[in-house]
1. Please verify whether residue 113 is under 19 Å from the mean Cα position of the chain (by Cα) and farther than 25 Å from residue 29 by Cβ, treating the condition exactly as stated.
2. In segment 10-27, what count of residues is obtained for those that are touching a helix residue (DSSP H, G or I) at 6+ places or on another chain (Cβ under 7 Å) and surrounded by fewer than 16 Cβ atoms within 10 Å (Cβ to Cβ)?
3. Quick one: would you say residue 210 is in a helix (DSSP H, G or I), closer than 30 Å to residue 104 by Cβ and in contact (Cβ under 8 Å) with a residue 40 or more places away in the chain?
4. Check residue 89 against each of (1) under 19 Å from residue 162 (Cα atoms); (2) modelled with pLDDT of 95 or more and name the one condition it does not meet.
5. Just to be sure I understand, how many residues within segment 52-66 are crowded, with 17+ Cβ neighbours inside 10 Å and either within 22 Å of residue 168 (Cβ to Cβ) or out of contact with any helix residue (DSSP H, G or I) (no Cβ under 8 Å at 6 or more places or on another chain) (or both)?
6. Any residue in segment 57-77 that is modelled with pLDDT of 90 or more, touching a strand residue (DSSP E or B) at 6+ places or on another chain (Cβ under 7 Å), within 30 Å of residue 186 (Cβ to Cβ) and not in a helix (DSSP H, G or I)?
7. Against the definition (assigned to a loop (DSSP other than H, G, I, E, B) and modelled with pLDDT of 95 or more), how does residue 169 come out, yes or no?
8. Is there any pair with a first residue in segment 182-193 that is at positive phi and a second that is assigned to a strand (DSSP E or B) whose Cβ atoms are under 9 Å apart and which are 6 or more apart or on different chains, and what are they?
């Protein structure tokens, strides 16, 4: 099987397209305006409650820079937000490489854009299972799928993309962008990637440990099981 080996990358990447989809919305009120102040041409793609929060923060400016992910992909969110970001255009934008001609042709073919930053934190699984009497079904409903996928894709492609999982990093990111004409360094992207993979690893460990701690009887009693 042929393996694509990247030989040339940019040390600094200008942040032009950002996906924001967060459970913990703290810090957005400062971070989002700072992105636009640094680069007024930034486009932000968002989902559900995060979209509503950013729209509230930006007011009239939202119409110029904020887009629903569903409008961008052409696929509406499924009931209850079950599927929002699992889309070919999203992952093409996350995984493409700047100096790969085939990747650039794929972007043009699909009218996709390269995503330069992903701001994602996950459903509160740990907080959910910490509640007394939590059921297997309540826990299952708080297993995030799209979030970890975007985090992993952006972290894998740290050669171009900045994965942001911690609101505590917003100020540092803004500061570096401010000092470098809206660009982020390879050093910071790499550091954010390491943090992102640790974030998803810990998240999956909580899920695995929770399921291991609950006997099958708990599963059996959580549902009406149809026979046949």
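The values are calculated or read from the model by the stated rules, or taken from the named source; none is laboratory data. A quick note: this is a predicted structure, and the numbers were derived from the prediction, not measured. In this analysis, Cβ positions are derived from the backbone assuming ideal geometry, glycine residues included, and neighbour counts consider all displayed protein chains.
1. On the way: under 19 Å from the mean Cα position of the chain (by Cα): yes; farther than 25 Å from residue 29 by Cβ: yes.
Yes; evaluated as a whole, the condition is true for this residue.
2. Total meeting the criteria: 3.
3. Working: in a helix (DSSP H, G or I): yes; closer than 30 Å to residue 104 by Cβ: no; in contact (Cβ under 8 Å) with a residue 40 or more places away in the chain: yes.
No: the conditions fail for residue 210.
4. (2)
5. Counting residues in segment 52-66 that are crowded, with 17+ Cβ neighbours inside 10 Å and either within 22 Å of residue 168 (Cβ to Cβ) or out of contact with any helix residue (DSSP H, G or I) (no Cβ under 8 Å at 6 or more places or on another chain) (or both) gives 3.
6. There is at least one residue in segment 57-77 that is modelled with pLDDT of 90 or more, touching a strand residue (DSSP E or B) at 6+ places or on another chain (Cβ under 7 Å), within 30 Å of residue 186 (Cβ to Cβ) and not in a helix (DSSP H, G or I).
7. Details: assigned to a loop (DSSP other than H, G, I, E, B): no; modelled with pLDDT of 95 or more: yes.
It is false that residue 169 is assigned to a loop (DSSP other than H, G, I, E, B) and modelled with pLDDT of 95 or more.
8. The qualifying pairs are 182/14.
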